[in-house]
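Rule-based calculations on the coordinates, nothing more; no lab input. On a predicted model such as this, the values are computed, not experimentally measured, just so you know. Neighbour counts run over all protein chains shown; Cβ positions are idealised from the backbone, glycine included.
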Amino acid sequence: MQNENFQDVTPLERHGFLRALLRAVSTPLVAVILGILLGSVIIEVSGYNAIAAYVSLFQGAFGSGYSIANTLANAVPLILAGLGVAVGFRAGLFNIGAEGQYWMGAIAAVWVGYAVNLPWYLHIPLALAAAAVAGALWGGIVPGLAKAYAGAHEVITTMMMSYVAIFFSHYLLENGPMMEPGYVPQSPVIRSSAFLPVLVKGTQLSAGIFVALAAVAVVYWVLYYTTWGFEIRALGLNRRAARYGGMPVQRNIVLALAVSGLLAGLAGAAQMMGVQHRLYDSFSSGYGYTAIVVALLAKNDPIGVVFSALLFAALGTGAQYMQIGANVPGRMTDVITGLIVFFVAAERMVELASRWLAKRRQQRRSQAGRPGVGPAQGRGAELESKGAGV
Amino acid sequence: MSGLLAIFGNMQLWASTLSLSVPLVLPALGGTFSERTGVVNIAMEGIMLIGAFFAVFFSSLTMNPWVGLLGAVVAGGIMAVIFAWAAIRLRSDQVIIGMAVNIFASGLTAYLLNTIFGFGGTPVNTPMLPHLNWPWLGRIPVLGPLLNDQSILVYITLLLVVAGHFFLFHTRLGLRMRAVGENPEAADTAGINVYRIRYLGVLISGFLSALAGAYLSIGVLNSFEVDMTNGRGYIALAAMIFGRWTPFGSFGAALLFGFASALSMPLQSSVAAKNLVQMLPYVVTILALIGVGGKSVAPAADGVPYEAEK
């Protein structure tokens, strides 16, 4: 994770709006374009029409007020879980277990939703809080403590905790304590007092979007305007320096993973209380994994997360239409997603390509009999201090 | 108590421990090679999926499982080279590039499954790799029921573990690989091509992961299912860490995880118990990482991209 903004100012304050924006979006934009282009090659090679595919994808995502509302609804869990992953990244922690934290949040919210009887103004906050706590514990307790005190790599522990959470939900639903009486492995429907109100009739867009946007504001404020946010960013940039500077590194590791899990837990709650209203037996919500991509593409910027969540939400809603309208299997969008992540991470490809071009130009020039002048070969003094070290 | 004895005394449990360990042993061994040269290979999960898919694809296309196996290894090798290029040459964040490969592989294999085979799944007449059955082996107590009538890949895996140990610790190339993972600057100074060695390490892990994928799809089954690797690539990484980055250690740790999965088989009768016991391999993985059974130390340059001085 390159992190050039380690001054105690927000990126906006430092560069001025336009330059900051340009800097922030150039790599992600190139990555998205390359991903879509390469994706269309794969679609064409497998015998479909790429343009038809993208047209129906776009129509599915933005073609009508109805589909726009559904795209926004789809973005809600992605914004929340994506924020969670971004907070982890900021602390130098790779929480790829947002999926499991999402499930624990969903389980907690649904349980409070049907087992407790309260007026809505108490029921909704209580269900959200239960989900937040469940997600925070799932991320903070095991992966957090294991990372802070035993050095266990969070990539593996958070992933393993996801599988545990999913099997736990199977346990609860398949003839388990949360199964609705009957034959279908699903929970009872939550009480209507725990429903997040629907904003656009006939769509999935609920007040969950306000929960998500509020979370964006809070995370932005915490990261850039509080001491703890500063400590988290310092931790992510250089763990040793943070420790040397007297910051409680181990405590912050646990807290960062807990906050990360908290947000993913809220994502589960928003989806349950705003859209599904009950827990279904399934192997994956898909949101937890896409959240990783959302954070990566946003370069872990809380505001960027909103836009990148919208992009992947659009891919998600559009995928079904692509399947119906152009016959292209919907999982194509995951191929594109993988490509986008690849190009985001392989930033240096552009640098490498331009250096190669410069070299060729130089060669051609010297072949033409002129002494090669060429651009300076020196590359910026780049500090390479990262290392995942699983 | 007698119930427990019936479970643990059942040779079927130990035989399935071995067969369930194979798709963990292979990537754990592969990860050992990759990380010994300094590259963290999270992408093994995705490479396994690619291997699993192309094994079925080529096997059903040619009606020859060996061609399927070859196709799996080639496809996995290509994926590994792309990963290696980004991780080594472009010095990208290895974990993120690995995730990219995993998402890509999950999407691509599901997409190709629908595109090539339609929505009914892979052909039911896809040939699978042979199981070896020697009557004389079957008659040996304990060892017989354990080793006999397993997929041929089980035996190949056992051989590969021994060969891997020999290669890593008793050959010049193995020594070079370890040197590059511990101190790439020194290795570079000594005239070793760090990049080339790292490519080799990643390529070996790619081949072995693809073999593991093929084992899942045409070794124990004859079909491909979406996301059928189920996180085994990640568990294998944990097994490798628990096994302290050695082939025999990884093998032992993978057996432990395989045992945890095998335990859930006799409990299939009760749904609740089955779901809880299926958590076991994942819980054991976390316990292993927390360091139950001692701390292990990674190769010093593991996960750190290397930039050669020009």
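Before moving on, here are some points about what is shown:
- Note on the range A:11-367: with charges restricted to the Cβ of Lys and Arg (+1) and Asp and Glu (-1), its dipole about the Cα centre is near 1560 debye.
- Its relative contact order, with pairs defined as Cα atoms under 8 Å and 6+ residues apart, puts the range A:11-367 at 34 percent.
- Only Cα pairs under 8 Å and 6+ residues apart enter the sum, and on that basis the relative contact order of chain B stands at 36 percent.
- Of the chymotrypsin sites (Phe, Trp or Tyr not before Pro) in the range B:192-297, those whose Cβ has at most 13 other Cβ within 10 Å and which sit in DSSP loop: none
- Coil-residue trypsin sites (Lys or Arg not before Pro) of the range B:72-166, DSSP, other Cβ within 10 Å capped at 11: none
- Working note: Cα atoms of the range A:68-140, range along each principal axis, descending, whole Å: 41, 35, 17.
- Inter-chain Cβ neighbour count for A:169-177, averaged per residue, equals 4 (cutoff 10 Å, partner chain atoms only).
- Axis angle, to the nearest 10 degrees, between helix B:44-62 and the longest C-alpha principal axis of chain B: 60 degrees.
- Legend: mean number of C-beta atoms from other chains within 10 angstrom of residue C-beta atoms, peptide A:143-155, equals 4.
- Translational diffusion of chain B, µm² s⁻¹ [Kirkwood Rh, Cα pairs; Stokes-Einstein; 25 °C; 0.890 mPa s]: 124
- Quotient of C-alpha Rg and 2.2 N^0.38 Å, computed over chain A: 1.08
- Centroid-to-centroid, using Cα positions, the range A:125-140 and the range A:59-114 are 14 Å apart.
- Which of A:Y321, A:G338, A:V350, positive extreme of dipole for the range A:214-355 (C-beta unit charges): A:V350
- Within-12-Å neighbourhood charge of B:A179 [Cβ basis; K, R +1; D, E -1]: +2
- Taking θ as phi - 60° and the Karplus parameters 6.51, -1.76 and 1.60, the scalar couplings of the range A:248-256 work out to x, 4, 5, 4, 5, 4, 4, 5, 4 Hz in sequence order, x denoting glycine and proline.
- Compared with the dominant principal axis of the Cα atoms in chain A, helix A:154-173 is inclined by about 30°.
- Loop-resident sites, the range A:113-220, for trypsin sites (Lys or Arg not before Pro), counting at most 14 other Cβ within 10 Å (DSSP): A:K201
- For chain B, modelled as a GNM whose springs connect Cα atoms under 10 angstrom apart, the maximal fluctuation among B:A72, B:A187, B:A52 occurs at B:A187.
- Rounded Å value of the spacing that divides the Cα centres of the range B:100-168 and the range A:154-180: 28
- Inter-label distance, B:L173 to A:S64: 6.1 nm, where each label sits 7 Å from its Cα along the C-beta direction.
- Stretched out straight at 0.36 nm per residue, the stretch from A:V41 to A:R361 would grow longer than its current Cα-Cα span by 112.3 nm.
- On Cα atoms only, tilt of B:247-262 relative to the major axis of chain B in degrees: 30
- In this structure, the amide hydrogen of A:Q186, modeled 1.01 Å from its nitrogen in the peptide plane, lies closer than 5 angstrom to those of A:E180, counting only residues at least 5 positions away or on a different chain.
- Helical content alone sets the calculated 222 nm signal of the protein assembly as shown at -22000 deg cm²/dmol, taking -39,500 (n - 2.57) per DSSP H segment of four or more residues and averaging over every residue.
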